[in-house]
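Q: Before I ask anything, let me first share the structure, which is written out below as structure tokens.
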Amino acid sequence: MSNWQVKLLYDGDCPFCRREVAWLRRHDRHRRLALEDISALGFDPAWYGLSWQEVRGVLHGVLPDGRVVCRVEVIREVYRAVGLGWLVAPTRLPGVSWILDRAYDAFARNRGWLGSLLEPSCASAVCAAKPLASQRVAGSRPNLTKKP
């Protein structure tokens, strides 16, 4: 029986995501975090009522009751689950939350380009624009031209 408190849907093709997931794994001493790589073969966002565009656009998480949370709220839930909720508690303050949501949206739009700074093989926006492994096999591509 699983006792996870939040399932993080992360992009294993994203350098930032991989680093954060590795850090979270080290801090998840009580195994309260479930991780699902959206770039893995067989992943289907429809399982969570989401589209490819949505899961590729911003970070998502699933709570045990099936609710889906996204953006900064996922980060709050994940840190709380691994026992580091105190680090993100100030992000709920009025004004701070609004600013962080806007900052996250800017980061999400530019993560491919920013990821190339961490991994030069991820040149330009290639990491953000390449299809997921499951889509390469299936022969379809997400619509990356629209904003989530």
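Q: Using the count of nearby Cβ atoms within 10 Å as a rough guide to exposure, how do Cys14, Cys70 rank from fewest to most?
A: Details: Cys14 25, Cys70 19.
Fewest-to-most Cβ neighbours within 10 Å comes out as Cys70, Cys14.
Q: How far is it, in nm, from the label point at His30 to the one at Asp101 when both lie 7 Å from their Cα along the line to the Cβ?
A: Result: 2.9 nm between the two label points.
Q: What does the extension gain come out to for Ala89 and Leu63, with contour length at 0.36 nm per residue minus their alpha carbon separation?
A: On the way: separation 26, 0.36 × 26 = 9.36 nm, distance 1.85 nm.
Separation in residues times 0.36 nm, less the Cα-Cα distance, equals 7.5 nm.
Any read-out appearing in this document is the output of simple, stated calculations on the displayed coordinates, not a laboratory observation. Everything numeric here is computed off the predicted structure, so don't read it as measured data. Because the Cβ atoms are built from the backbone with ideal geometry, glycine has one as well, and the counts that use them run over all protein chains shown.
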